[in-house]
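The numbers here are math on the coordinates, done by the rules we state, and not lab data. Keep in mind the model is a prediction, meaning the values are calculated, not measured. Cβ sites come from the backbone with ideal geometry, for glycine too, and all protein chains shown count toward neighbours.
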Amino acid sequence: MITIKSDSEIELMREAGKILRDTLNMLKEHVKVGVTTKELDKLAHDYIISRGAKPSFLGYGGFPGSICASVNEQVVHGIPSNRKLVSGDIIGIDCGVIYKGWQSDAARTFAVGEISEKHKKLIEVTEQSFFEAMKVIREGARLGDIGAAVQNLAESNGFSVVRDLVGHGIGKDMHEDPQVPNYGKAGKGLRLKRNMTLAIEPMINEGTYEVSALDDGWTVVTDDDGYSAHYENTVLITEDGYEILSL
Ligand code: MG
Ligand code: MG
């Protein structure tokens with residue numbers, strides 16, 4: 001079911017989004033050579049609690065962390081571990097916050113030490129592809145407009161768009177309808193209404209778009225071991241555009 005939020009509900013989602021934005025900004029300062037993904041997870045957990053919110057990922061379907069930490073060929077849902085980051089790694093950090101019952105979901109991809117030019121471009125294009133979607137999003141736009149905007153930018157830069165994982169509606173639940181693919185045709189699909197809230201999250205690969213889950217039941221990796229980047233924000237649809245709640 002697609003939920004339309006009231007003004008007071010949106011106010012709580014705004015608050016959740018600010019806490020999440022601040023969490024990711026804090027984590028960015030700690031992404032360095034030698035840090036473990038478990039250490040980043042603990043920092044996120046303690047920070048979210050200190051702000052009077054809850055980490056939504058912790059315990060979700062049995063997930064053991066407050067962040068997903070996905071390194072290099074890991075696309076999403078990487079489990080925090082004792083893996084130490086090394087120079088040349090890229091790390092996607094996905095995090096979610098619940099504040100007074102309302103959710104926010106966002107992800108960033110960071111460089112560790114010195115990374116290759118190609119991987120710098122991968123991270124930049126992934127982020128830009130989200131903002132390409134923002135150019136077309138507003139009440140009355142269609143879901144396919146979002147997917148087409150992301151796909152056009154990613155593919156014109158020589159990258160590929162993950163098909164198996166998509167964005168989603170968000171509100172009291174982390175994952176609500178509708179599904180929001182990062183590929184598609186402009187002018188097709190559901191029409192957006194004001195006060196819908198969507199988690200829009202391009203997952204862009206340097207090689208094939210084909211992905212698979214590892215035996216741990218969570219981590220999704222690219223089939224060709226090419227690197228993957230992820231960028232996500234929780235977005236409110238407005239009459240004449242949008243408001244990014246987690247930025
Ligand atoms: Mg997320
Ligand atoms: Mg999401």
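When a footprinting reagent is the concern and you count Cβ atoms within 10 Å, what order do Val235, Val35 take, fewest first?
Values: Val235 28, Val35 17.
By the 10 Å Cβ count, ascending: Val35, Val235.
Evaluate the charge dipole of segment 147-247 about its Cα centre and quote only its size in Debye, nearest 20, assuming +1 on the Cβ of each Lys and Arg and -1 on the Cβ of each Asp and Glu.
The calculated dipole for segment 147-247 is roughly 660 debye.
3J(HN,Hα) couplings calculated from phi for segment 185-198 with the Karplus curve 6.51 cos²θ - 1.76 cosθ + 1.60 (θ = phi - 60°) are, in sequence order, 10, 4, x, 10, x, 4, 7, 7, 10, 5, 6, 7, 10, 10 Hz; Gly and Pro show x.
Where does the longest stretch of the chain lie that holds no GluC sites (Glu not before Pro) found in a DSSP loop with 11 or fewer other Cβ atoms within 10 Å? It would help to have the intermediate numbers written out before the result.
Working: sites that count: Glu114, Glu239.
The segment 115-238 is the longest one with no such site.
Can you find, among Tyr209, Thr197, Ala106, the residue sitting farthest towards the positive end of the charge dipole of the chain, where Lys and Arg contribute +1 and Asp and Glu -1 at Cβ? So the residue we want is Thr197. By the helix-only formula, in which each DSSP H run with n ≥ 4 contributes -39500 (n - 2.57) and the sum is divided by residues, the chain has a 222 nm mean residue ellipticity of -10000 deg cm²/dmol. Remark: Thr234, Thr219, Thr197 ranked as Thr219, Thr197, Thr234, counting other beta-carbon atoms within 10 Å and listing the fewest first.
May I ask you to sort Leu20, Leu122 by Cβ crowding, counting other Cβ atoms within 10 Å and putting the fewest first?
Working: Leu20 31, Leu122 25.
So the ranking, lowest neighbour count to highest, is Leu122, Leu20.
For Gly241, nonlocal amide neighbours, meaning residues 5 or more places apart or on other chains whose placed amide H falls under 5 Å from its own, are Glu139. For segment 1-108, a simple Cβ point-charge model (Lys and Arg +1, Asp and Glu -1, everything else neutral) yields a dipole of about 200 debye relative to the Cα centre.
Scalar couplings 3J(HN,Hα) for segment 236-244, obtained by applying the Karplus form with A = 6.51, B = -1.76, C = 1.60 to θ = phi - 60°, are 9, 7, 10, 4, 10, x, 7, 9, 8 Hz; x denotes Gly and Pro.
Remark on Met196: its backbone amide H falls under 5 Å from those of Lys5, Ile237, a criterion applied only to residues 5 or more positions apart or on other chains, H modelled at 1.01 Å from N.
Please say if segment 7-244 is rounded, prolate or oblate, where rounded means a/c under 1.5 for a ≥ b ≥ c the square roots of the C-alpha gyration tensor eigenvalues, and otherwise the choice is prolate for a/b larger than b/c and oblate otherwise?
Details: a/c = 1.76, a/b = 1.12, b/c = 1.57.
Oblate.
A Cβ-based charge dipole, computed about the Cα centre of segment 7-244 with Lys and Arg at +1 and Asp and Glu at -1, lands at about 440 debye.
Computed over the chain with a Gaussian network model linking Cα atoms closer than 10 Å, the most mobile of Ala107, Ala44, Ala141 is Ala141.
Pairs to check: Lys120/Lys172; Lys18/Lys38; Lys42/Lys118; Lys84/Lys121; Lys100/Lys135; Lys54/Lys193. Give those whose C-alpha atoms are more than 26 Å from each other in this structure.
On the way: Lys120/Lys172 35 Å; Lys18/Lys38 23 Å; Lys42/Lys118 31 Å; Lys84/Lys121 24 Å; Lys100/Lys135 31 Å; Lys54/Lys193 29 Å.
Table pairs above 26 Å Cα-Cα are Lys120/Lys172; Lys42/Lys118; Lys100/Lys135; Lys54/Lys193.
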